[in-house]
Amino acid sequence: MVGTVTAIYRYPVKGLSAERMDRVALLPGQCLPHDRRFAIALGSTPFDPQRPEWLSKIHFLMLMRDEKLARLETGFDAESGVLTIAENGRELLRERMTEMKGSKLVAEFFADFLGSAVNGPLRVIEAPGHAFADARRKPNATTDKYVSLINRASIAALEAAMGVPVDPIRFRANVYFDGASAWSEHDWIDSEITVGAARLRVVSPITRCAATQVNPATAQRDLDIVAALGLAFGHINMGVYAEVVAGGEVAVGDTLLEPRASSAGG
């Protein structure tokens, strides 16, 4: 069966807005370039950039707790290192967050923006080769850097169950696709799929959390996605994580080839 890539996104700063991409070059064992490259750490977060380790999202600004972040539109220019922050089309900050002064000003902006919702000083953190992903390394994976994919048919099934539209960006995935049957992606675990010119191995479903309650357009908690998934489908998953086995370019409109044979049910 064949699917079609309908959208590609990256999230340069963990918890901040998505950046739509027309195409992306994937490398073996890597996530999308600059995806979750930065995080805004709480004052109590124990992160050593010389020895980066996975930390749960509670150590950073995140939509699950800080839904007000969804009011902001952010953009990161990888060449210049400049982060732009706007609200309702009005630019609020433009700083080179790859430099010490700029990263300090970005952290101060978010401390002011969130106010009493955060305790202590914030700081922008990054480490070469590290991505601030939500998922720990999966036991069946060869890397801890994944591409997240979502089947639009599964979102449509959720919409039908809830009786309301569900914005796909609530799930903050990298690649969205059409053409496969709802929930068939759960049958791809430990199998390889072809997306554009890249080959990926699906390693796990993505378990969802309260961050999906937040409407990306209004920054309001208006839908209990997790409860709806559990009630209607008996699981709280939406999408799958996959590791890049063979690199190549992926573009909107490219084909997605499902595994010929599945090794796991879902």
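At-a-glance table
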read-out: Which listed residue, of T4, T98, T84, is outside any loop (DSSP other than H, G, I, E, B), at pLDDT 95 or above and over 29 Å from N151 (Cβ atoms); value: T84
read-out: From the options L63, L27, L42, residue that is under 22 Å from L149 (Cβ atoms) and modelled with pLDDT under 95; value: L63
read-out: Answer residue from segment 101-115, given it is closer than 23 Å to R65 by Cβ and loosely packed, with under 13 Cβ neighbours inside 10 Å and is modelled with the highest pLDDT among those; value: D112
read-out: Matching residues, segment 207-238, being out of contact with any Phe, Trp or Tyr (no Cβ under 6 Å at 6 or more places or on another chain) and in a strand (DSSP E or B); value: T207, V214, R221, N237
read-out: Residues (in contact with a helix residue (DSSP H, G or I) (Cβ under 6 Å, 6 or more places away or on another chain) and not aliphatic (A, V, I, L, M)) located in segment 140-164; value: N151
read-out: Matching entry among D178, D144, D190 (being open to solvent by 50 Å² or more (accessible area, probe 1.4 Å), touching a Ser or Thr at 6+ places or on another chain (Cβ under 8 Å) and under 19 Å from G247 (Cα atoms)); value: D190
read-out: Residue that is on the phi > 0 side of the Ramachandran plot and surrounded by 14 or more Cβ atoms within 10 Å (Cβ to Cβ), where the choices are G234, G247, G196; value: G196
read-out: Verdict on G15 being in a loop (DSSP other than H, G, I, E, B), free of Cβ contacts under 8 Å to residues at least 60 places away in the same chain, in contact with an Asp or Glu (Cβ under 9 Å, 6 or more places away or on another chain) and not basic (K, R); value: yes
read-out: Within segment 239-266, tally of residues that are assigned to a loop (DSSP other than H, G, I, E, B) and either among the polar types (S, T, N, Q) or modelled with pLDDT under 95 (or both); value: 9
read-out: Some residue of segment 208-225 being in contact with a strand residue (DSSP E or B) (Cβ under 8 Å, 6 or more places away or on another chain), hydroxyl-bearing (S, T, Y) and closer than 20 Å to G3 by Cα; value: no
read-out: Residue in segment 41-54 that is out of contact with any Leu (no Cβ under 9 Å at 6 or more places or on another chain), polar (S, T, N, Q) and open to solvent by 60 Å² or more (accessible area, probe 1.4 Å) present; value: yes
read-out: Complete set of residues in segment 36-64 that are of a type in the set (G, A, S), in contact with a helix residue (DSSP H, G or I) (Cβ under 8 Å, 6 or more places away or on another chain) and part of a loop (DSSP other than H, G, I, E, B); value: S44
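Conditions tested, residue by residue: (1) in contact (Cβ under 8 Å) with a residue 40 or more places away in the chain; (2) out of contact with any Gly (no Cβ under 9 Å at 6 or more places or on another chain).
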| position | (1), (2) |
| --- | --- |
| E108 | no, yes |
| F113 | yes, yes |
| A117 | yes, yes |
| T142 | yes, no |
| I150 | yes, no |
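Residue-by-condition table, conditions (1) touching a His at 6+ places or on another chain (Cβ under 7 Å); (2) touching a residue at least 12 places away in the same chain (Cβ under 8 Å); (3) more than 19 Å from T212 (Cβ to Cβ):
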site: G29; (1), (2), (3): no, yes, yes
site: G43; (1), (2), (3): no, yes, yes
site: F47; (1), (2), (3): no, yes, yes
site: D66; (1), (2), (3): no, yes, no
site: A78; (1), (2), (3): yes, yes, yes
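Per-residue answers, yes or no, for (1) aliphatic (A, V, I, L, M); (2) touching a residue at least 12 places away in the same chain (Cβ under 8 Å); (3) under 24 Å from E73 (Cβ atoms):
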| position | (1), (2), (3) |
| --- | --- |
| V175 | yes, yes, yes |
| D178 | no, yes, no |
| E185 | no, yes, no |
| I189 | yes, yes, no |
| V195 | yes, yes, no |
| A198 | yes, yes, no |
| S204 | no, yes, no |
| A210 | yes, yes, yes |
| V214 | yes, yes, yes |
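The values are calculated or read from the model by the stated rules, or taken from the named source; none is laboratory data. Not measured: the values here are computed from a predicted model. Don't worry about glycine lacking a Cβ; one is built from the backbone with ideal geometry, like all the others, and counts go over all protein chains shown. Surface accessibility is based on the protein's heavy atoms, side chains included, excluding ligands, DNA and RNA. Shrake-Rupley method; radii C 1.70, N 1.55, O 1.52, S 1.80 Å.
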